[in-house]
Amino acid sequence: MAAAFAFAFSIGAHYTGACMGMPYAAGAIRPWRALLLMAPLALVGAAFASGQVETTVGHGILGGGTVALGVALAIVVAALALTSAYNLVTIPTSTIQILVFSAVGAGLAAGLPIHWTTIGTLVILWATAPFAAFALGFLFVRAADRYSPATSSRGALGRTAVLGLVGVGAAASFAMGANDVSNASGALIMTGLFGLFLAGLVGGLGLALGVLTWGRPLLQRVAFDLVELDPRMATASQLAQSTVILVSVAFGFFTSMNQALVGAMIGAGIARRRSTVLWKPIKNILLGWAAGPLSGVTLGFGLVWALTQVHWL
């Protein structure tokens, strides 16, 4: 349980930028207020809206009944180590992809059946979600601009703009809890030692603590290094991201918060027919996305193989 809590802590920090980066960048909320708003909403989402995704992770990736405690520990440790490493270099990667492929690697090493249908479904979702967010970001900006004059600067915000930005950040924070807590607590369900609610609650507490204690560097990274958006574009991007995530969660699947956000930001930028996305940092993130699954399957396999060699499994 300690390893799962530590992983949830790392995830909470990892996704502060993906949830509250837009309202912070636009000047709608100060950084500590953003984190104080995000933490409890992530906890609520994790405890009360993550059940279907927890079921997918706990029972839909590896077969053969309950998983040995050592295998579950290897999965969590592999995903935790990789996510923490990416956090240290402030590259927002896909924690979900790292977790799933750590489980695949561990399952292969342990000789467990892999539910490849679930893996295939997730890969298709991961491939399409950024494009769905792109389309929604584009449409939201176009619709907003059609009915009122477009904004183009980060000047003083009106009350409506502030409420809109903070509102979509809050929605994203709730969605993150529901979407991402199973990365840490799903392994607890694999062992059969935890039920859905308790696993979500433990993971949610870890998310909230990570947001509050280690979240600011990632908040800064996504807010100011990736994209130049005016308040309306920021609101549209965050709303598109939250929509994609919550629809996925409703069907029991999870996808990358960062991928959805970047796709939405690009769509919002193209809707304005101008180059707003800063491509160099995005290339670094894409490199992290490519490395995440490969490193996950390698480390998950290696840890279980090592435990087997010393007869701990």
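Observations on the structure shown:
- Screening the candidates L205, L165, L212 for the property of being more than 26 Å from A72 (Cβ to Cβ), of a type outside the set (D, E) and surrounded by fewer than 24 Cβ atoms within 10 Å (Cβ to Cβ) yields one hit, L212.
- Among the residues listed as L99, L139, L125, the single one being under 15 Å from the mean Cα position of the chain (by Cα) and under 19 Å from L246 (Cα atoms): L125
- Any hit, region 66-74, residues being over 19 Å from N258 (Cβ atoms) and within 19 Å of the chain's Cα centre (by Cα): no
- Every test in (1) modelled with pLDDT of 95 or more; (2) among the hydroxyl-bearing types (S, T, Y); (3) loosely packed, with under 13 Cβ neighbours inside 10 Å is passed by S152 save one, and that test is (1).
- Selection status of L88, free of Cβ contacts under 8 Å to residues at least 12 places away in the same chain and either touching a Phe, Trp or Tyr at 6+ places or on another chain (Cβ under 6 Å) or surrounded by fewer than 18 Cβ atoms within 10 Å (Cβ to Cβ) (or both): yes
- Scanning region 1-27 for residues that are in a helix (DSSP H, G or I) and of a type outside the set (G, A, S) returns F5, F7, F9, I11, H14, T16, C19, M20, M22, P23, Y24.
The values are calculated or read from the model by the stated rules, or taken from the named source; none is laboratory data. The shown structure was predicted, so the numbers you read here are calculated from the model rather than taken from an experiment. All Cβ positions, glycine included, derive from the backbone under ideal geometry; neighbour counts span all protein chains shown.
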